[in-house]
Structure formats: structure tokens, C-alpha cells
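Below you'll find the structure, written out as C-alpha cells, and then a few comments.
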Amino acid sequence: METSNLYFIHFPKMSALKIGKADDIEDRYNNLKKYWGEADLTNSYYVNMPSREVYKYEKSLHLLYSKYSISLPEGDGKTEFFDIQVLDKIISYFSSCTDFELKKDIKLKSKEFLNKKSKFKRNKLKQSSNAVFLSISEMNIRLNKLSKLLNFLIKFKNKLFFQYDLIDGEYYFRVKLDSNIDEINFNKLIDKIWNLLSFKNNTHTGWGWFTISTWCTRCFSERTFQIVITDPMSLDSDHFCKIFFEGWSVLVYPVLQKLPNKSNVLNHNLAITTWSIN
């Protein structure tokens, strides 16, 4: 179970108590200290509890003691400071109304521990950078191959049976193969295309990855298959990797603009499948 912390930090020069939440209280305190100065951590308190509970308790206490809220100039967390007299009420509240243990004295980590933590972060960032570099290289290779695949469809638009539509930010590509193809080669071909398009892209963000191809359907009796591809140009800016977006814009999008929605030899619409059987 993931846990977090509800903290009650005493700032004696302001006669104020800061009520907030943080996974790492020390990191949060270091930021607060830049604006509000040193706190009396020995006479400060915290409660460790499940992450899903922290937000509820924080907002409930802010509301419960809102009349003790104090007005401060602009600064980090300025709306979360209360008159120090609420501290006795909070101690009483946690001892009598909850099952969570209120602990006194917020201790800072030793310098040796912080150096180890800093070294760990640097190593993690280095590993992440290497992963991103490899991922970008793979992304460019695959986007180039996708571009070639689309150019292949353009070149043989008078011979191949294909159709695509852009629906709610996703491309639905459908292809009908020659009726003489056997089932083994039918599946091999689709697996090869699926492997080409389905991949993850690492980033430095918490978002972490992007999969170009979302799902695939196939029907051997009809000799048809469909691959659904997310259009990064339809995504909100918070949900795509900028580098991937730029790669798509340069390598794929211009080719898509030239590709007809339906091949010239297809005289009927290929049905869209809205559920995956891949």
C-alpha cells in the first residue's frame, strides 16, 4: 500500500502552523524554508497514512479550522497557514477521533544519506537518458518504416485493396489481401506489420511511454485485417512526447496527406471493427 504524509510544521517567527501533505516532508520543508524561514521541527508533527487518505484529511482540516487561517504575502503554500493555537486542537483530534498516530519531531536526513540519494538520482537520470536515446533511435527507425509502408500503399493504390479513416483521434487502417494467401502467411504478414507499428517510447516525464499502434483485428475468412493507430497530432499536449510528435510530423504526416482514404480498385467500404481480437 502506497503511503504519504500529512505534516504540521511550526513556524515560530510567524506564530503559524503549516498544514500540508508530502511524500517527502524534508523536500517539501526545504522549499517552504526559502519563503518562510526556519521552522521549529522538534515541535512539529506528522502523520503517515495511505496516500488515498492524505488529500481527504488535508482538505478536511483546512475546512475545519478555516477560521484560524492567517493571511500572508505571496509565497509557497501561503493559503495553508493557520494560527498556532490550532495545534492543540489537531493533537486532540488525532488522539480521539482517528486511528492514525500523530508523531512529534520531524527529523532531517543526515548529509551522508542525502549524498547517497543525490548519487542515486544522478545514476537514475543517466540510465533514463540512455533509455531515451535508444528509444528515440528506435522511434525514428520505425517511423521511417511506417512512412515506407504508406508510400508502398500510395504506389500500389491501383492494385491493393485498402481504406483508412480518422475517427476520434485514431486512424483505422483496413486492408484486404489476395484470396489465395494461406492462413499461415496471412498471420505472418499481419504479425510483421503489427511488430513494426507497436512500440513504446521512453521519456524523462512521469508519463513515460507512448504506443503508436493500439490494437489489431484480423479475419482470415475475409482475408482482411485492421490496425488502429493513435494520431499524436490529435492528442492534448500533456499526453504525447514532443520528440515523437515532431518525428511523426516530419516523417509520417506528409505521406498520409498524399495517401487516398480508399484505394482506387476498392469499390466498396471495408468494415471498421471497434473491438480487438489480436
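No value in this document is a laboratory result; all are computed from the given coordinates. All of these numbers come straight from a predicted model, not from anything done at the bench. Positions of Cβ are backbone-derived with ideal geometry, glycine not excepted, and every protein chain shown enters the neighbour counts.
Here are a few things to note about the model shown:
- Matching residues, segment 172-188, being within 15 Å of Glu222 (Cα to Cα) and not in a strand (DSSP E or B): Leu177, Asp178, Ser179, Asn180, Ile181, Asp182, Glu183, Ile184, Asn185, Phe186, Asn187
- Yes/no for Ile91 being of a type in the set (Val, Ile, Thr) and assigned to a strand (DSSP E or B): no
- Residue list for segment 80-107, restricted to those being without any contact (Cβ under 8 Å) to a residue 60 or more places away in the chain and of a type in the set (Lys, Arg): Lys89, Lys103
- Residue check, Gly77 on the phi > 0 side of the Ramachandran plot and either crowded, with 16+ Cβ neighbours inside 10 Å or touching a residue at least 60 places away in the same chain (Cβ under 8 Å) (or both): yes
- Scanning segment 63-80 for residues that are within 19 Å of Trp36 (Cβ to Cβ) and not in a loop (DSSP other than H, G, I, E, B) gives Tyr68, Ser69, Lys78, Thr79, Glu80.
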